[in-house]
Amino acid sequence: MELNKFSETDLLQKYLDGTITEAEGTALFELLKEKDIEDNAALEALLLQVYDQSFAEPPALSGDASQRILHRLLAAVEDSNKEVPVRRIPSWWRYAAAAVLIAAVATMAVWFISNYKKGVPSLAGNVSPSGEIVSGSSRAVLKLGDGEEILLDSTQGNIVRNGNFKVNNDSGKLDYEGKAGKMEYHTLTTPRGGQYRLLLPDGTAVWLNAESSITYPTVFTDNYRKVKVTGEVYFEVAKNKDQPFMVDVNSKATVAVLGTSFNVNAYTDEQNIRTTLLEGSIMMIHDQQTAMLRPGQQAQINNELKMNIINNADVEMVVAWKNGLFRFDHAHLDEVLRQMSRWYDVGVVYENGVPDIIFSGEIKRDLNLSQALVVLEKMGVHYRIEGKKIIVMP
């Protein structure tokens, strides 16, 4: 094979795709060894070129060959005794949304490489031993019918068993197996900086965002399946025409469902309760108002308890949180930081009012807080981090 026909860009892309051979990895090592690593701008340009404006996942380190290649690459960086650049971005990029996203990608890639060298420590909560505020994770508490509370991020496997009825907890997902001998109510709650998945006893799949909860029976015995939620919850409802599914939203509205996919956002610090339909059909019931929603529509209930129907809602943006993203379209800064504060479990303080900054773009939710804020910094947001607070400056 003629390896010299491949550029370092080609080989890096093959490595990130997981398709590189050990011979190609050796060639990549030699090419990078010849490159002047002190030329930070050239190295950063290479990273940006490889990522090509996409949020690629960090390389999957499967197999001994990949491990050896990575260690060689890291050794080359170590030998340079230079820091890999993190935030050197041409100033004109701040005006281009796509380029702002590239900045986050480059930051993510550099963090992965530098932290792989050190070894990523086990984290408690969302603060690392070094004091870095890290992203949220799969954390939740399950409250049983007798009041017992089980911390799910520290308890795995079969956590409840009564005859053939089991409650299983594994890898950020809670599920129910078998039929409960008696009905009791369970409540699953996520803290700030947490999220969790749940498979209800009827097979309905549920995703909870940070600072959210769902209360449900261990067996649905009524003519309808009813649950109660707070915060933000996404549903994929198991179809059962003989037993409609109903969601009580903050005791202010009800969603009636046969079988469908929808998202409920009912945070008390947001201006509206928003229910967005992705598939199927749902009926919104609020006070004396009712509305049947079609896919792509969103029902909004404002603080004056009036319901409005929005057509052509951006459903991808609505469920971005479930897919590991913050996604915004002309969102005001305070809306952006409200979402980030829940996920990173931090407070936000504005020293001189909220700056009039509008943001459109995406930020990966698995970035550390300081990395995620780089994207906002490129849009002109001035801030400092003090403990678990983001201080926004004029």
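The values are calculated or read from the model by the stated rules, or taken from the named source; none is laboratory data. Remember, predicted model here, so these are calculated numbers, not experimental data. FYI the Cβ positions are ideal-geometry reconstructions off the backbone, even for glycines, and counts take in every protein chain you see. Side chains included, ligands, DNA and RNA excluded: accessible areas come from the protein's heavy atoms. Shrake-Rupley method; radii C 1.70, N 1.55, O 1.52, S 1.80 Å.
Quick look at the numbers
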quantity: Those residues of segment 255-272 which are surrounded by fewer than 16 Cβ atoms within 10 Å (Cβ to Cβ) and touching a strand residue (DSSP E or B) at 6+ places or on another chain (Cβ under 7 Å), in sequence order; calculated: Q271
quantity: Condition met for T218 (touching a residue at least 60 places away in the same chain (Cβ under 8 Å) and buried (at least 20 other Cβ atoms within 10 Å of the Cβ)); calculated: yes
quantity: Any chance K241 is in a strand (DSSP E or B) and charged (D, E, K, R); calculated: no
quantity: Scope segment 378-388; condition in contact (Cβ under 8 Å) with a residue 60 or more places away in the chain and either basic (K, R) or part of a helix (DSSP H, G or I) (or both); matching residues; calculated: K378, K388
quantity: Where a residue in segment 255-283 is within 20 Å of R192 (Cα to Cα) and its partner, wherever it lies, is charged (D, E, K, R) and at pLDDT below 95, with Cβ under 8 Å and at least six apart; calculated: A266/K252; I273/K252
quantity: Given (1) assigned to a strand (DSSP E or B); (2) at negative phi; (3) open to solvent by 10 Å² or more (accessible area, probe 1.4 Å), number of the condition G361 does not satisfy; calculated: (2)
quantity: Residue selected from segment 167-184 under the condition closer than 11 Å to L152 by Cα, in contact (Cβ under 8 Å) with a residue 12 or more places away in the chain and not in a loop (DSSP other than H, G, I, E, B), by the criterion most open to solvent (accessible area, probe 1.4 Å); calculated: D170
quantity: Hits in segment 199-227 (condition: over 30 Å from S341 (Cα atoms) and not in a loop (DSSP other than H, G, I, E, B)); calculated: P217, R225, K226
quantity: Tally of residues being modelled with pLDDT of 95 or more and either farther than 20 Å from A205 by Cβ or of a type in the set (F, W, Y) (or both) across segment 157-182; calculated: 1
quantity: Residues satisfying the stated conditions in segment 364-374, i.e. in a loop (DSSP other than H, G, I, E, B) and buried (at least 20 other Cβ atoms within 10 Å of the Cβ); calculated: R365, L367
quantity: Any strands (runs of 3 or more DSSP E) falling wholly within segment 273-354 and containing at least 1 residues that are loosely packed, with under 14 Cβ neighbours inside 10 Å; calculated: 289-293, 298-302, 307-310, 325-332, 347-350
quantity: Filtered residues of segment 221-239 (kept if surrounded by 17 or more Cβ atoms within 10 Å (Cβ to Cβ) and of a type in the set (S, T, N, Q)); calculated: T230
quantity: One residue from S154, S128, S114 being open to solvent by 80 Å² or more (accessible area, probe 1.4 Å), of a type in the set (G, A, S) and at pLDDT below 90; calculated: S154
quantity: Failed criterion for M292 (all others in (1) at pLDDT 95 or above; (2) over 21 Å from W207 (Cβ atoms) hold); calculated: (1)
